[in-house]
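Here is the structure we will look at.
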Amino acid sequence: MIGPGQTAVAAPVKLAIEGVSKTFHTRHGSVHALENVNLQIREGEFVCVVGPSGCGKTTLLNIIAGLETPDTGRVLADGKPVTGAGSDRLVLFQEPALFPWLDVMGNVLFGLKLKPNLTAKERREVAEFYLRLVGLEKFMHANIHELSGGMKQRVALARALAPNPRVLLMDEPFGSLDALTREQLYGDLQAIWQKRPKTIVFVTHNVREAACLGDRVVLLSARPGRVRGQFHIPLPRPRDINSVEVARHSAEIIHALKPHLTPDTEAVAGE
Amino acid sequence: MKRWLPPILFFAALAGAWEWLVRQGVWPRAIVPAPSEVVRYLVTAVADGTLLGATGVTLRRLVLGYLIGFGFGLPAGVLIARFRFFRHTLGLLALGLQSLPSICWAPLALLWFGQTETAMAFIVVMGCVWSITLATDAGVRHVPPIYRWAAMTMGSRGLHLWVHVILPAALPFILSGMKQGWAFAWRSLMAAEIYVAILTGFGLGHLLHYGRELHAMDAVLGIMLVIILVGLATDKLLFAPLERFIHMRWGTERA
């Protein structure tokens, strides 16, 4: 385990989360989602945030994205306070959130059309490249409702990757996929990240997944979410989720996570 | 071909039975004309141009009023959905006025605009605008927030977000409002044409009115037939393609 602020990569800080707290008030009482979360994420880093369900992981991601505002504290992106959503911090949501009025191609083109200095032909080529990557090039003219849940999430991944955002925020994006597809996408995601370097914040309750993907794994405790520890995963890439090394790291993290689990937690290794 | 056979046989049988009953002398001919007489009227009315002219006048009024109503109703619905102030003011007004059959505006419209095309347009606009307004409002407020969020993190905002995300997402609602608005406008216009004589043009409603005055029931029935056909044609030409698009994309039940 390492202390916060200590990082292996000496790249400039891309995202700084400073003293972020958030409480939701509902009719059934208030939920203390995040409590004084401090985190620094460096340019090009792949950070996985792990914690039990309901620990405020999604809230933290939405605050970084600028979709929600913290009660206290702030988020800096490239040193500038985040005041709203922007294409420099693209989010891949837990649900695919594909647009039903567009076909598959239209969805992947959506973000690309918002990027200046691209010709229509270039946009198409990029979109086709990412559709091929997720294995759905044959479905580019399909309607969204014709796809299975896993295919939808793969289109959403292609849509998120296509504009090549500097920061990609991923909220349990592979939770609904079958194990085989998921393992294939772990490989694809690592390959893309190495080829097109970007800062990735990946939220999951699957510790094995986090150990497989992350340079660093950040442990969040249950309500209210607090940073309880950080782990570096100094393994070479591409990593295989079934390898012994990944399993060893994941066991170490689970061991550290146990005291912070609530009884109804879902965080299990290699689920 | 098979799809067309049942309706053709059905309507042929209906017309045949009707013709037969009239020829049997079940009703006085002055009250219930035979289909053959209605067809004869239609042929002569088409030949002398009255029917096509009247259809043209009516359609022009309908399309003009509907376009104005749509042009006002869509932005009004957006304002109501977007700003609380408009929801509590314009929204309530729309809700109230939607429940008023727009032919009720005829006395005031005649007083304000005289026996003019403007009065006709006003009645048509009042017939369709509130349905479109309220449907747009409902559609915009039913757009799942995740669509907006997904678009925003891809860099969409402001006008782009409205044109490329919120309004397309609300399309199924907006279309149903457009259809309801069209139906209301069509009914109001017929009522207005029967009720009010406008010297700048004789529409289908006026022809129907004169048919009654002259006790020409073959004309009355013939014009009713034309009114039905115009309604069917607009549905097939205007709304059916949009509906097909929505069924295809959203995967809702195929009509």
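The values are calculated or read from the model by the stated rules, or taken from the named source; none is laboratory data. Please read all numbers here as calculations on a predicted model, not as lab measurements. Every residue, glycine among them, receives a Cβ derived from its backbone with ideal geometry; neighbour counts consider all protein chains shown.
Where in the stretch A:126-224 are the strands (runs of 3 or more DSSP E), entirely inside, with at least 3 residues that are farther than 27 Å from A:Ile63 by Cβ? It would help to see each step written out before you state the result.
Numbers: elements: A:167-171, A:199-204, A:216-220.
Result: empty, no element qualifies.
With the structure loaded, tell me whether B:Glu117 is at negative phi and touching an Asp or Glu at 6+ places or on another chain (Cβ under 7 Å) or whether it fails that test. Walk me through it before giving the result.
On the way: at negative phi: yes; touching an Asp or Glu at 6+ places or on another chain (Cβ under 7 Å): no.
Against the criterion (at negative phi and touching an Asp or Glu at 6+ places or on another chain (Cβ under 7 Å)), B:Glu117 does not qualify.
What is the residue count in the stretch B:144-188 for residues that are of a type in the set (A, V, I, L, M) and touching a Cys at 6+ places or on another chain (Cβ under 7 Å)? Break it down stepwise before answering.
Of all residues in the stretch B:144-188, those of a type in the set (A, V, I, L, M) come to B:146, B:150-152, B:154, B:159, B:161, B:163, B:165-167, B:169-171, B:174-175, B:178, B:183, B:185.
Applying the additional criterion that residues be touching a Cys at 6+ places or on another chain (Cβ under 7 Å) yields B:185.
Summing the residues that are of a type in the set (A, V, I, L, M) and touching a Cys at 6+ places or on another chain (Cβ under 7 Å) in the stretch B:144-188 gives 1.
Tally up the residues in the stretch A:86-96 that are at pLDDT below 90 and facing another protein chain (nearest Cβ under 8 Å), please.
Matching residues across the stretch A:86-96 total 3.
In the stretch A:116-143, what residues are buried (at least 16 other Cβ atoms within 10 Å of the Cβ) and free of Cβ contacts under 8 Å to residues at least 24 places away in the same chain? Steps first, please.
At the first step, the residues of the stretch A:116-143 found to be buried (at least 16 other Cβ atoms within 10 Å of the Cβ) are A:123-124, A:126-128, A:130-131, A:133-134, A:136-137, A:139-140, A:143.
Passing the criteria: A:Arg123, A:Arg124, A:Glu128, A:Glu137.
Conditions: (1) within 19 Å of B:Arg157 (Cβ to Cβ); (2) surrounded by 20 or more Cβ atoms within 10 Å (Cβ to Cβ). A:Lys113 meets all but one. Number of the miss?
Only one criterion is unmet by A:Lys113, namely (2).
For residues that are outside any helix (DSSP H, G or I) and away from every other protein chain (no Cβ under 14 Å), scanning just the stretch B:101-153, find the one that is nearest to B:Gly69 (Cα to Cα).
Kept after step one, since they are outside any helix (DSSP H, G or I), are these residues of the stretch B:101-153: B:101, B:114-116, B:142-144.
Next cut, away from every other protein chain (no Cβ under 14 Å) only: B:101, B:114-116.
Working: B:Pro101: 15, B:Gly114: 20, B:Gln115: 20, B:Thr116: 18 Å.
Out of the qualifying residues, it is B:Pro101.
Residue-by-condition table, conditions (1) touching a residue at least 40 places away in the same chain (Cβ under 8 Å); (2) at negative phi; (3) in contact with a Cys (Cβ under 8 Å, 6 or more places away or on another chain):
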| position | (1), (2), (3) |
| --- | --- |
| A:Arg27 | no, yes, no |
| A:Val37 | yes, yes, no |
| A:Ile41 | yes, yes, no |
| A:Phe46 | yes, yes, no |
| A:Val50 | yes, yes, no |
| A:Gly56 | yes, no, no |
| A:Ile64 | yes, yes, no |
| A:Ala77 | yes, yes, no |
| A:Lys80 | no, yes, no |
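If A:Gly56 satisfies every condition in (1) at pLDDT 90 or above; (2) touching a Pro at 6+ places or on another chain (Cβ under 9 Å) but one, which is the exception?
Looking at each condition in turn, A:Gly56 falls short on (1).
Being at pLDDT 90 or above and closer than 17 Å to B:Leu225 by Cβ is the filter here, so list the residues in the stretch B:1-12 that pass it.
Within the stretch B:1-12, B:Ile8, B:Phe10, B:Phe11, B:Ala12 meet the criteria.
Wholly within the stretch B:167-255, which helices (runs of 4 or more DSSP H) include no fewer than the required count, namely at least 3 residues that are within 22 Å of the chain's Cα centre (by Cα) and exposed (fewer than 15 other Cβ atoms within 10 Å of the Cβ)? Can you show your working first?
Working: elements: B:171-195, B:204-213, B:217-234, B:240-250.
Those helices (runs of 4 or more DSSP H) span B:217-234, B:240-250.
Conditions (1) part of a strand (DSSP E or B); (2) polar (S, T, N, Q); (3) out of contact with any Lys or Arg (no Cβ under 7 Å at 6 or more places or on another chain), marked per residue:
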position	(1), (2), (3)
A:Val47	yes, no, no
A:Thr59	no, yes, no
A:Leu76	yes, no, yes
A:Ser87	no, yes, yes
A:Gln94	no, yes, yes
A:Pro100	no, no, no
A:Lys115	no, no, yes
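Run down B:Ile80, B:Ile103 and say which single residue is modelled with pLDDT under 90 and surrounded by 16 or more Cβ atoms within 10 Å (Cβ to Cβ).
Details: B:Ile80 fails: modelled with pLDDT under 90.
It is B:Ile103.
For the stretch A:135-188: of the residues being hydroxyl-bearing (Ser, Thr, Tyr) and either in the same structural domain as A:Ile63 (by TED's automatic domain parsing) or touching a Phe, Trp or Tyr at 6+ places or on another chain (Cβ under 9 Å) (or both), which is nearest to A:Cys212 (Cα to Cα)?
Taking the stretch A:135-188 as the starting set, the residues that turn out to be hydroxyl-bearing (Ser, Thr, Tyr) are A:148, A:176, A:181, A:186.
From what is left, the residues that are either in the same structural domain as A:Ile63 (by TED's automatic domain parsing) or touching a Phe, Trp or Tyr at 6+ places or on another chain (Cβ under 9 Å) (or both) are A:176, A:181, A:186.
Numbers: A:Ser176: 18, A:Thr181: 15, A:Tyr186: 8 Å.
Result: A:Tyr186.
The rows are residues; the columns are (1) within 16 Å of the chain's Cα centre (by Cα); (2) closer than 30 Å to A:Val75 by Cα.
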{"site": "A:Phe139", "(1), (2)": "no, no"}
{"site": "A:Ile144", "(1), (2)": "no, no"}
{"site": "A:Leu147", "(1), (2)": "no, no"}
{"site": "A:Leu157", "(1), (2)": "yes, yes"}
{"site": "A:Pro165", "(1), (2)": "yes, yes"}
{"site": "A:His205", "(1), (2)": "yes, yes"}
{"site": "A:Arg216", "(1), (2)": "yes, yes"}
{"site": "A:Pro224", "(1), (2)": "no, yes"}
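With the requirement that a residue be facing chain B (nearest Cβ under 9 Å) and either closer than 13 Å to A:Ala156 by Cβ or touching a residue at least 12 places away in the same chain (Cβ under 8 Å) (or both), what does the stretch A:97-111 give you?
Within the stretch A:97-111, the subset facing chain B (nearest Cβ under 9 Å) is A:97-103, A:110-111.
Within the stretch A:97-111, A:Ala97, A:Leu98, A:Phe99, A:Pro100, A:Leu102, A:Asp103, A:Phe110, A:Gly111 meet the criteria.
Is it the case that B:His247 is within 14 Å of chain A (Cβ to nearest Cβ) and out of contact with any strand residue (DSSP E or B) (no Cβ under 9 Å at 6 or more places or on another chain)? Walk me through it before giving the result.
Numbers: within 14 Å of chain A (Cβ to nearest Cβ): yes; out of contact with any strand residue (DSSP E or B) (no Cβ under 9 Å at 6 or more places or on another chain): yes.
When the stated conditions are applied, B:His247 passes them.
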